[in-house]
1. Starting from the Cα of Lys71, draw a straight line to each of the lysines and keep only those under 24 Å, dropping any in the same chain fewer than 8 residues away.
2. Please list, by residue number, every one of the chymotrypsin sites (Phe, Trp or Tyr not before Pro) in the range 95-141 that is coil in DSSP and has at most 15 other beta-carbon atoms within 10 Å.
3. Can you give the charge dipole size of the range 51-139 about its Cα centre, rounded to the nearest 20 debye, using +1 on the beta carbon of Lys and Arg and -1 on the beta carbon of Asp and Glu?
4. Mean separation of Cα pairs under 8 Å and 6+ residues apart, divided by the residue count of the range 51-139: what relative contact order is that in percent?
5. In terms of the Cα gyration tensor, with a ≥ b ≥ c the square roots of its eigenvalues, is the range 51-139 rounded because a/c is under 1.5, prolate because a/b exceeds b/c, or oblate?
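Please treat every number below as a calculation from the coordinates, not as lab data. It should be emphasised that the depicted structure is a prediction, and the values quoted were computed from it without experimental measurement. Counting neighbours? That spans all protein chains shown, and the Cβs are built from the backbone with ideal geometry, glycine included.
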Amino acid sequence: MRAQFAPCWVVIVLAVACTSSRPSASDSAPTSVPTNTPVAAKVPVPSQPARVIRITAKKFEYSPARIVLEKGEPVVLELVSLDRKHGFAAPDLGLRADIDPDHVTRLELLPRKVGTFEFHCDVFCGSGHEGMEGEIVVEEK
Ligand SMILES: [Cu+2]
């Protein structure tokens, strides 16, 4: 009866031996990576730094009111109010922020589609508020 199980035990012992003797990634890492390789080299680096575009808002205009970007170009919009609270809404780009006079509001944008995208003030700021708008034009590289 015991003789019938012997081949099974041999197979199990061999399987465990093979599994435990296989080097894992963590075991081999210290010997395969040169000691002078900086850890940061493994972190993906953006292909280009974000361009900063400052947009000022005041009754009842943005400056600049037209912004031209390249598709795939990372930008940071710095929004500043020169008078009172305004809004910045570019719904087709998924952007929305309040613009307060006492600090800079930053919005990151990575345009992924070509087109002209309207932005407007969505915080009532007086008669003329309805015409406070601009556009972001995204062009092919
Ligand atoms: Cu407004």
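1. Counting by Cα, and skipping residues close in sequence, Lys71 has these lysines nearby: Lys113, Lys141.
2. When the chymotrypsin sites (Phe, Trp or Tyr not before Pro) of the range 95-141 are filtered for loop state and at most 15 Cβ neighbours within 10 Å, Phe124 remain.
3. Working: 12 positive and 16 negative charges, 30 e Å.
Here the range 51-139 has a charge dipole of around 140 debye.
4. Details: 221 pairs, mean separation 31.6, N = 89.
Result for the range 51-139 is 36 percent.
5. Numbers: a/c = 2.16, a/b = 1.57, b/c = 1.38.
Since a/c reaches 1.5 and a/b is larger than b/c, the shape of the range 51-139 is classed as prolate.
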